[in-house]
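What follows is a set of notes on a single structure, which appears directly below.
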Amino acid sequence: MQASRKAEANQKTRLTRQIWLVSGTLFILIFAYAVYLFMKKRAIFNAVPDLKGAVQSKPNYFAPHSVAMLTGKKYSDTQAIVLLILEMIENKTLAAHFITNKRGQIADIQVTPLTNETNHPAGQLLLAAVVEQTDAHRQVVSLNELIFNPASKGVVLFTRLGRKLVRKIRQNAKQALNKEGVYSKMNQVFYTILTIYMVAWLFGTFFVGYWQVQLGQVNIWAIVLIILSLALVYLIQQNVLPLRTETGVALYRQWQSYLKQLVQQTTAGEVWSNQSKEWLDDKYLYSWVAANNVKLAKNVENDPQILQLPLMGSAQSIAHLSLKRMKWQPEFVADQTDSEENKQ
């Protein structure tokens, strides 16, 4: 009996050591990796001189989606499509009418093609689908019909075109940044290491759980280390990777400064009233990325000239919304939701 108790005690000791070894190793590895990447990112930022003075004009030709990706803005799929439509209105590819519901959400966007071609790959995909739907008897196309699946009940589901459009938008935005050398070539290696770590984390978590079952007790601190390890992975993905090059950091700072100046540039009426209509519409387009479009619209809302602008005139019904909080609730989904609420 004494030998049996001793063997049992040794088993518990061995299992406890294994639990601490695996959970501790997983945490130390990802912590060291996070510190390394953070220090590397900081070194790249420190190598780029700070900007002196405000940037008054666009640093380069980046489209709104590329600027959003460069500055770390993350949009939902529907928000990404709305930003593309705003861009196409501004460059006079589409004319559009935004329909909102009683909740202040977008219920539908009705568009009319103004041309058959555009040099924007994602825009061309959408434009071709819109043109295909128009004929001599129908010049206005509901984007709900093209992008969303009406068979969905209370849930917004994309059609094949909608899914392809979102994928194209994000690919084009990233390609533009890669072409300018914004991101480090080592990012692929960093992501591969992170993937390998996640595989090890899954196996390690499984064994830690299995050993705790054998032990017959829960090791709270081991579980805390496992959770902290996963939190560090999330932190790396959200705030560290992908690493920018020095060129990317310089462009990031220039665009950040430019976006902050958009409202100030349009504060005084005499400043923008002497500019072309295209100048103000372009400022308004990028203000959606900067999340200061509501302020900018209020600066010029009393001037009758804005009704003549392609974008500011078309977007008046959604001028009170910011892109990050904007929701697109198709009419057929909203009707189904309302009817279900009434039944309840």
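The values are calculated or read from the model by the stated rules, or taken from the named source; none is laboratory data. These numbers come from a predicted model, not from an experiment. Please note: Cβ atoms are built from the backbone with ideal geometry, for glycine as well, and neighbour counts cover all protein chains shown. Ligands, DNA and RNA are stripped out before the accessible areas are found, and what is left, the full protein with its side chains, is counted by its heavy atoms. Shrake-Rupley method; radii C 1.70, N 1.55, O 1.52, S 1.80 Å.
Structure data summary
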item	result
Size of charge dipole - the chain - debye, nearest 20, with Cβ of Lys, Arg +1 and Asp, Glu -1, no other charges	1740
For the stretch 232-242, Karplus couplings with θ = phi - 60° (6.51, -1.76, 1.60), whole Hz, Gly/Pro x	5, 4, 4, 4, 4, 5, 8, 10, 10, 8, x
Max mean-square fluctuation residue, GNM over the chain, Cα-Cα springs under 10 Å, options 161, 230, 202	202
Sequence-distant lysines (8 or more away, or on other chains) whose Cα lies within less than 16 Å of residue 102	327
Fully extended contour minus Cα-Cα distance, from residue 308 to residue 187, at 0.36 nm per residue	39.0 nm
Long-range amide H partners of residue 108 with built H, under 5 Å	99
Net length gained if the chain between residue 140 and residue 196 were fully extended (0.36 nm per residue, minus Cα distance)	15.1 nm
Table column - 3J(HN,Hα) (Hz), the stretch 90-103, Karplus curve with 6.51, -1.76, 1.60, x for Gly and Pro	5, 8, 6, 8, 10, 10, 9, 10, 8, 10, 10, 9, 5, 8
Three-way shape call for the stretch 59-166 based on the alpha-carbon gyration tensor, with the a/c threshold at 1.5	oblate
Residue 55 long-range amide H proximity, modeled H, under 5 Å	258
Highest-MSF residue in the chain out of 31, 203, 62 [GNM, Cα springs under 10 Å]	203
Positive dipole terminus of the chain, leading residue within 123, 86, 29 (C-beta point charges)	29
Accessible carbon and sulfur surface of the chain relative to its total accessible area, %, 1.4 Å	56
Of every Cα-Cα pair in the stretch 1-122, the percent that sits beyond 19 Å	74
Under 13 Å, Cβ to Cβ, from residue 138 - net charge with Lys/Arg +1 and Asp/Glu -1	-3
In order through the stretch 111-127: 3J(HN,Hα) via Karplus (6.51 cos²θ - 1.76 cosθ + 1.60), integer Hz, x for Gly, Pro	10, 10, x, 9, 7, 9, 9, 8, 8, 8, x, 5, x, 5, 4, 5, 4
Calculated [θ] (222 nm, deg cm²/dmol) that DSSP helices of n ≥ 4 give over the chain, each run adding -39,500 (n - 2.57)	-20000 deg cm²/dmol
Of 51, 94, 259, the one that fluctuates the most in a GNM where the chain has Cα springs shorter than 10 Å	51
Structure-derived Rg/Rh (Cα atoms, Kirkwood Rh) - corresponding label in [x] 1.11; [y] 1.00; [z] 0.96	[x]
The chain, accessible area per residue, ligands and nucleic acids excluded (1.4 Å, Å²)	55
Calculated FRET efficiency for the pair residue 128/residue 316, C-beta based, R₀ 22 Å, to 0.05	0.20
